[in-house]
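Here the structure comes first, spelled out in structure tokens, and everything after it is commentary.
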Amino acid sequence: MPSPKTKNEELGPPLVSSDLAVKTAWLYFVEGFTQEQIAEKLGVTRIKVMRTLAACISDGIVTTTINTPTASQIRLERELEKHWGLAAAVVVPTPSDEGSLEKAIGHAVASYVGEQMKDGATLAIGGGATLYASLAFLPRRQLKGATVAALVGSLPHSQWINPSIVAVKVAEALGADSYQITAPVIVDDPELRDRLWSQPTLRFARARAEAADIALLTVGDVSPEATIFRHGIVPSDLINPLKDQGAVANILCFFVTFDGRLVDHDINRRVMAIGLDAVSRIPNVVLAAGGNKKVEAIRAALKAVSVQVLITDSETATALLDEA
């Protein structure tokens, strides 16, 4: 399990939040961080921190306590950050309608991408329902020299389940170049996968993804309801054999155990995707996922990949901490 970072350790990506002003107040008034330390964590000036704190007081957010409905979310964010050694956590309220969860998390993902993607930056991105849901909220921009690179291969049927669709549409929204892994998500045998990766165009696409500034992932469980099985990306008759090998989660179509190890199964050797070890070397890895059914899978993903930022919902956050 990753150990929590201390105040004096390298901070990594800027701290983010569901309510950054309240988080600033929390760090200062509750946890005792100095204004200079907070400025370093947020990547802003000390003057900006001072003005934010002053506004929190004048607006009545801070009295003798932090007085706002989002304070419980900030508490969960801070506990997740400390327990999992994250640079930042973003916790959104769990919607009453379970069917709206992907949209709620997707909205937070779009806000994060909109804030963090700058001119010249490269975003490497996977697929899945949560990331696809973020497209509806992503503001259109025209970044200069920016790139969006797919982390996983494609499907011949171009619906939202096609992993490359998300990368293409995010690139369109940002006005960025797009690089795709133009090969099937799953190929017939490991030797074919190796031959495909030896092709110059795919080697180039792979290099662009591995050199990204930000990687955006989601995670699925190993059940008939998981997108990867429900839509036939991986045959459902592999569910039980994969579980027998200890699989509890799939990340970029790779199957991992509860402690984040790749399972010893042939399917993992036939996936056309950037390896989890290479993803972990990307400076800012963002994991976006939520839902009670995914708690075990999220815990496995946090151990399998060097995650810097977790975007989830309040009930999932509570479960991640309760089971810790």
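What to note about this one:
- Under 5 Å from the amide H of Ile311 lie the amide H atoms of Val90, Leu287, Ala288, Ala289, each residue being 5 or more positions distant or on a separate chain, with H modelled from the backbone and absent for Pro and chain starts.
- For Val148, distant residues with modelled amide H under 5 Å away: Leu123, Asp177, Ser178, Tyr179
- The listed peptides 184-191, 167-174, ordered by packing as a protection proxy, come out as 167-174, 184-191 (highest mean of other Cβ atoms within 10 Å first).
- Taking amide H as placed 1.01 Å from N in the peptide plane, the amide H of Phe255 sits under 5 Å from that of Val263, each at least 5 places away or on another chain.
- Gain upon complete extension [Phe258, Phe204; 0.36 nm per residue less C-alpha separation]: 16.2 nm
- Charge dipole (the chain, unit charges on Cβ, about Cα centre) - positive-most of Pro190, Gln116, Asn284: Gln116
- Distance from the range 251-323 to the range 136-202 (C-alpha centre basis), Å: 20
- Antiparallel bridges, percent of DSSP beta bridges restricted to the chain (to nearest 5): 25
- In the chain, helical runs assigned H by DSSP with n ≥ 4 each contribute -39500 (n - 2.57); averaged across all residues and rounded to the nearest 500, the mean residue ellipticity at 222 nm is -11000 deg cm²/dmol.
- Calculated FRET efficiency for the pair Lys144/Arg75, C-beta based, R₀ 25 Å, to 0.05: 0.05
- Ranking Leu138, Leu101, Ala39 by Cα position along the charge dipole of the chain, where only Lys, Arg, Asp and Glu carry charges on their C-beta atoms, puts Ala39 farthest toward the positive end.
- When the charge dipole of the chain is built from unit charges on Cβ atoms (+1 for Lys and Arg, -1 for Asp and Glu) and taken about the Cα centre, the candidate among Thr201, Asn268, His83 whose Cα reaches farthest toward its positive end is Thr201.
- Computed from point charges on the beta carbon alone (+1 for Lys and Arg, -1 for Asp and Glu), the dipole magnitude for the chain about its Cα centre is near 840 Debye.
- FRET E, pair Arg281, Asp194, Förster distance 25 Å, beta-carbon r, rounded to 0.05: 0.75
- Packing here is the average count of other Cβ atoms within 10 Å per residue, and on that basis the peptides 26-38, 306-318, highest first, run 306-318, 26-38.
- When each of the peptides 194-202, 49-57 is scored by the mean number of other C-beta atoms lying within 10 Å of its residues, the order from highest to lowest reads 49-57, 194-202.
- Spherically averaged projected area in nm², based on the convex hull that wraps the Cα atoms of the range 124-231: 7.3
- Rounded if a/c under 1.5, otherwise prolate or oblate - the range 93-322, Cα gyration tensor axes: oblate
- Between Asn292 and Lys103, the contour length at 0.36 nm per residue exceeds the alpha carbon distance by 66.5 nm.
- For the set Lys41/Lys144; Lys118/Lys243; Lys82/Lys243; Lys23/Lys294, the pairs lying more than 29 angstrom apart at their alpha carbons are Lys118/Lys243; Lys82/Lys243.
- For the chain: relative contact order, % (alpha-carbon pairs under 8 angstrom, 6 or more apart): 18
- Computed E for Lys243/Arg269 - FRET, C-beta separation, R0 25 angstrom, nearest 0.05: 0.85
Just so you know, all these numbers are worked out from the coordinates, no wet-lab data involved. Every value quoted in this text rests on a predicted model; they were computed, and no experiment measured them. Note that each Cβ is placed from the backbone with ideal geometry, even for glycine, and that neighbours are counted across all protein chains shown.
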